[in-house]
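Shown next, in structure tokens, is the structure this report addresses.
A short reminder: the numbers here are calculations on the coordinates, not readings from a lab. The structure displayed is predicted, hence computed values, not measured ones. Note that each Cβ is placed from the backbone with ideal geometry, even for glycine, and that neighbours are counted across all protein chains shown.
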Amino acid sequence: MISVFKLKNIIFAALALVLVTILSVSVYFTGAYAVYYGNTPRLVPIYSVEREDKVVSISFDCAWGTEYTDDILKALKVSDVRATWFMVEFWTEKYEDFVKKISEAGHEIGTHSSTHSYMSKQNAEEIKLELSSSAEAIEKITEKKVELFRPPYGDYDDELIKTASELGYYTIQWDVDSLDWKDLSAADIAMRVINGVKNGSIILMHNNGLHTAEAVPIILETLKNRGYSFVPIGELIYKENYTIDGAGRQIRSK
């Protein structure tokens, strides 16, 4: 027969194990979600979203050129798809007409920083300047509030995510990389995306990839035929009551 003392120890050990399991998944930390790696919490951006419905987001980073942007916009219009565009400040200022055109077409715009630097090397004040300056440049043209931020090169650290969160920005990554910046063929770009998508995926593309504009219609048509629908990232993610797992997948809290 198990003594009362031993029974209490067993119960205590079980409760401790449950607590450790919960903490190993996610924890709320200074305005952003952190995942524990061993005993060290690390902040994680949003890579994708846990959803039961077949909804995904397609996004375009804008840092250089506009040669193929009109063709991408036409393809999105034909498929009645709204996308999210992440713009660097110097691109925003140089191509104001395109910023207006993209916004007026109903697409969402987020900041991709001011200078397209490796922001994990910056301190909090430098990060704040990058984010506030780039967001203001976009808002001045579109008269719409910027809520999303994508770090250049996908490079981030705790300081970057923490600072962005304190300023009210959701830090966004991706779980489907088209690799269109490598000048892959349109077919190769499309197949990478089509084969990588799942419910709640965030697709990364670039507005000035050599074959991006050719790949977009293939991606949109194929995924729609497979039952997927598209929304801007701001409508895909959860704005509150959520956690983020170790893979950066956002999960609604129950």
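With respect to the cross-link table entries LYS128/LYS198; LYS162/LYS239; LYS162/LYS198, which display a Cα-Cα separation exceeding 25 Å?
On the way: LYS128/LYS198 34 Å; LYS162/LYS239 16 Å; LYS162/LYS198 28 Å.
From LYS128/LYS198; LYS162/LYS239; LYS162/LYS198, over 25 Å: LYS128/LYS198; LYS162/LYS198.
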Evaluate the distance, in nm, between pseudo-label points positioned 7 Å from the Cα of LYS144 and of ASP157 along their respective Cα→Cβ axes.
3.4
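What length, rounded to one decimal in nm, is gained on full extension from LYS224 through to ASP71, with 0.36 nm per residue of separation minus their alpha-carbon distance?
Values: separation 153, 0.36 × 153 = 55.08 nm, distance 1.92 nm.
Going from the current span to full extension adds 53.2 nm.
Let's see if you can work this out: charge +1 on each Lys and Arg Cβ, -1 on each Asp and Glu Cβ, no other charges. What is the dipole magnitude of segment 50-102 about its Cα centre, in debye to the nearest 20? Numbers along the way, then the final one.
On the way: 8 positive and 12 negative charges, 38 e Å.
Result for segment 50-102 is approximately 180 debye, rounded to the nearest 20.
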